[in-house]
1. Using a Förster radius of 35 Å, what is the FRET efficiency between residue 140 and residue 264 based on their Cβ-Cβ separation? Nearest 0.05, please.
2. Using 0.36 nm times the number of residues separating residue 8 and residue 114, minus their current alpha carbon distance, what extension gain do you get?
3. For residue 198 and residue 124 in one chain, what is 0.36 nm times their gap in residues minus the Cα-Cα distance, to one decimal in nm?
4. With all distinct Cα pairs included, what does the Kirkwood hydrodynamic radius of the chain come out to in Å, to one decimal, could you say?
5. Taking every DSSP beta bridge that has both residues in the chain, what percent is antiparallel when rounded to the nearest 5?
6. What percent do you get for the relative contact order of the chain when only Cα pairs under 8 Å and 6+ apart count?
7. Between residue 84 and residue 37, take the C-beta separation as r, use R0 = 22 Å, and let me know the FRET efficiency to the nearest 0.05.
8. Are there DSSP H segments in the chain that both extend 24 Å or more along their axis (alpha-carbon positions) and score a mean Kyte-Doolittle hydropathy of at least 0.5? List them, or say none.
Amino acid sequence: MNTIIFGDGNLGRAIAAALRETGTEPRILGRPATNGRHVPDALGSVDMVFDASRGDAVLTNVESALAAGCRRFVIGTTGWDADRPAVDGVLREAGASAVVAANLSVGAALFLRIVERAAALYGAVDGFEPYIVEWHRRNKRDRPSGTARELARLIVAGEGTADDAARAGTADDAARAGTADGATRAGELEIAVVRAGSSPGMHLVGFDAPGETIELRLTARDRSAYAAGALAAAAWLSAASRSAGCHPFDAVIDEMTQRTLAATA
Ligand SMILES: NC(=O)c1ccc[n+]([C@@H]2O[C@H](COP(=O)([O-])OP(=O)(O)OC[C@H]3O[C@@H](n4cnc5c(N)ncnc54)[C@H](OP(=O)(O)O)[C@@H]3O)[C@@H](O)[C@H]2O)c1
């Protein structure tokens with residue numbers, strides 16, 4: 001099997017290490033030397049592509065791999081939302097499928113589901129105020145993280161308060177989180193962002209009432225969880241014929257949990 005990883009950084013190397021443990025030796029390619037585009041003929045006949053490069057490279061990487069015959073993609077790269085319709089279009093045109101995930105960790109996917117359920121429960125009773133704290137390495141570019149934004153969206157939706165619009169706004173305004181002066185405004189969802197050291201990712205969701213606090217915490221110790229999720233997505237693509245276009249990581253998680261729950265029922 002000819003497996004290519006686009007992106008020779010932290011994530012690409014973690015995926016390569018996980019693949020080697022399963023006996024697959026991938027080719028790992030960094031930024032192409034010419035025109036920012038990988039030459040399809042030089043890729044050979046490609047069975048599976050993992051993209052762990054840069055947002056502005058995803059569309060051309062997918063086009064090159066399609067021209068090299070690849071029909072299965074796992075795209076973990078972030079920051080290419082504007083190109084999403086174009087990527088979906090070229091995949092569909094070629095009859096190819098991709099799993100696309102801003103967070104490939106299975107634990108994170110389950111954490112989002114747990115938080116969604118918790119927000120509905122705490123939102124159904126009076127007196128609990130939610131908050132989010134996230135901590136990543138010093139040089140992470142986005143603030144708050146994509147996962148923190150998704151957590152905020154789920155909490156706001158789950159609570160179903162009349163202040164939805166104001167609180168959803170705080171997820172987008174949260175670039176100033178952790179630096180704004182003064183008290184949190186009534187109805188706002190507090191998101192505190194820490195950018196220090198080398199943490200690969202910590203997200204904490206709390207629900208605080210006058211006499212008690214509940215905290216749910218997801219801690220990534222290294223990038224192996226993202227790599228394991230990337231391999232699970234590849235296995236999902238290989239296990240059956242999937243429809244053409246982009247699929248969310250949730251589809252992989254759905255199948256994984258349903259299979260396990262059915263086996264233990
Ligand atoms: N989905 C997830 O769970 C998850 C987890 C971690 C990270 N990520 C995302 O995955 C991406 C990579 O993360 P990272 O931490 O590995 O970043 P990184 O350490 O900066 O590595 C990215 C590498 O890709 C190279 N590159 C640029 N253009 C390329 C191209 N056309 N083809 C192949 N490689 C190319 C870069 O080279 P240059 O330095 O020359 O540009 C760089 O060496 C980011 O978008 C990040 O946000 C996603």
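All of the numbers you see were taken from the coordinates with simple rules; none came from a lab. In this text, all values refer to a predicted model and were calculated from it rather than measured experimentally. Here Cβ is always computed from backbone atoms with ideal geometry, including for glycine, and neighbour counts include all displayed protein chains.
1. Values: r = 38 Å, r/R0 = 1.08.
About 0.40, to the nearest 0.05.
2. Numbers: separation 106, 0.36 × 106 = 38.16 nm, distance 3.31 nm.
Contour length minus Cα-Cα distance gives 34.9 nm.
3. Numbers: separation 74, 0.36 × 74 = 26.64 nm, distance 3.75 nm.
Once the chain is fully extended between residue 198 and residue 124, it gains 22.9 nm.
4. Details: mean 1/r = 0.0503 Å⁻¹.
Evaluated on the chain, it is 19.9 Å.
5. Values: 15 of 39 bridges.
Taking every DSSP beta bridge within the chain, about 40 percent pair in antiparallel fashion.
6. Values: 469 pairs, mean separation 58.5, N = 265.
It comes to 22 percent, rounded to a whole number.
7. Numbers: r = 19 Å, r/R0 = 0.88.
E between residue 84 and residue 37, to the nearest 0.05, is 0.70.
8. Values: long enough: 106-123 (26 Å, 1.19).
In the chain, the long hydrophobic H runs are 106-123.
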